[in-house]
Amino acid sequence: MALNVKPTRSELIALKKRIKLSERGYKLLKMKRDGLILEFFKVLAEAKDLKNQLAEKYERAQKMIAIAETVDGSIGVKSAAFSASENPVIDLKSKNIMGVVVPKIESQSVKKSLTNRGYGVLGTSAAIDEAADAFEELVECIILSAELETTMKRLLDEIESTKRRVNALEFKVIPELIEARNFIKMRLDEMEREELFRMKRTKGKSAAKAAKLAAAHAAEV
């Protein structure tokens, strides 16, 4: 890069400004990267806890549905399931985490009361009610899990992108700018020394010429 720059003072000033700007951007990107990593591990911890809950709720839901089929029969369970009068509503929104847009999933009508499930309370056993409770809790857990998984993926993508930019500034952009700055400073110093030497030599020639003229004048007198 140093060979492609003009060794002028205006170019040196411009390079110094670019170096300061790049170093400032490098610090900000490092802060962003570190902040994103902290946020990622927070979400990761939540996701791990939720994963354990998801496994527990799934096992409970399977257990409850097995009990309900034993008590009410598979036909009775299917009849109760098909009686649902209100489907869950999923509202997909978004939120911002350090400049990264991540999903915010809000759900309605997932967890229902006995009277809102659609099947007759008197015609079913408590086992169906418990199975319904278990599966509603499982669905809520699945929705939250989807939100956290997507959030982690987007945070991880942004972390990788920010890391690449930080590395590019640290190992390529800033070193090349500094190399170009040092090259210009060296060339300007050389040019200044050359100019000083030329001026001294010119001054010496002028002095010698003046002395010669003075000597000639003295001889004539």
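The values are calculated or read from the model by the stated rules, or taken from the named source; none is laboratory data. Predicted model, so just to flag it, every value in this text is computed and none were measured. In this analysis, Cβ positions are derived from the backbone assuming ideal geometry, glycine residues included, and neighbour counts consider all displayed protein chains. We work out accessible area using only protein heavy atoms, side chains counted, and drop any ligands, DNA or RNA first. Shrake-Rupley method; radii C 1.70, N 1.55, O 1.52, S 1.80 Å.
Taking a straight Cα-Cα cut-off under 18 Å and skipping sequence neighbours fewer than 8 places away in the same chain, the lysines within cross-link reach of Lys57 are Lys48, Lys111, Lys112.
Of the options [x] 18.1; [y] 17.7; [z] 24.9, only one is Kirkwood radius over Cα pairs in Å as computed from these coordinates, and that is [z].
Can you tell me which lysines have their Cα less than 19 Å from the Cα of Lys203? Leave out same-chain residues fewer than eight positions away. Qualifying lysines at Cα under 19 Å: Lys212. Projection of the Cα convex hull of region 35-145, averaged over all directions and equal to a quarter of that hull's surface, yields 7.5 nm². Centre-to-centre separation between the Cα atoms of region 3-37 and those of region 94-170: 42 Å. Stretching the chain fully between Glu192 and Val71 yields a gain of 33.6 nm (0.36 nm per residue, less the alpha carbon separation). Using the Cβ of Ala127 as centre and a radius below 10 Å, the other residues enclosed give a net charge of -4, where K and R count +1 and D and E count -1. Once the chain from Ile90 to Ile19 is taken as fully extended at 0.36 nm per residue, the excess over their C-alpha distance is 20.6 nm. Here the chain is scanned for trypsin sites (Lys or Arg not before Pro) in DSSP loops (not H, G, I, E, B) that have at most 16 other Cβ atoms within 10 Å, and the longest stretch holding none of them is 1-110.
Annotation: per residue accessible area for region 64-147 equals 58 Å², rounded to a whole number [probe 1.4 Å, protein chains only]. With a Förster radius of 25 Å applied to the beta-carbon distance between Asn182 and Glu160, the computed FRET efficiency rounds to 0.20.
For Lys42, the lysines whose Cα falls under 22 Å of its own Cα, not counting residues fewer than eight places away in the same chain, are Lys30, Lys32, Lys51, Lys93, Lys95, Lys104, Lys153, Lys163.
Extension gain for the segment Met199 to Thr150, taken as residue separation times 0.36 nm less the Cα-Cα distance, is 10.5 nm to one decimal.
Assuming charge only on the beta carbon of Lys and Arg (+1) and of Asp and Glu (-1), the dipole of the chain about its Cα centre is about 2860 debye to the nearest 20.
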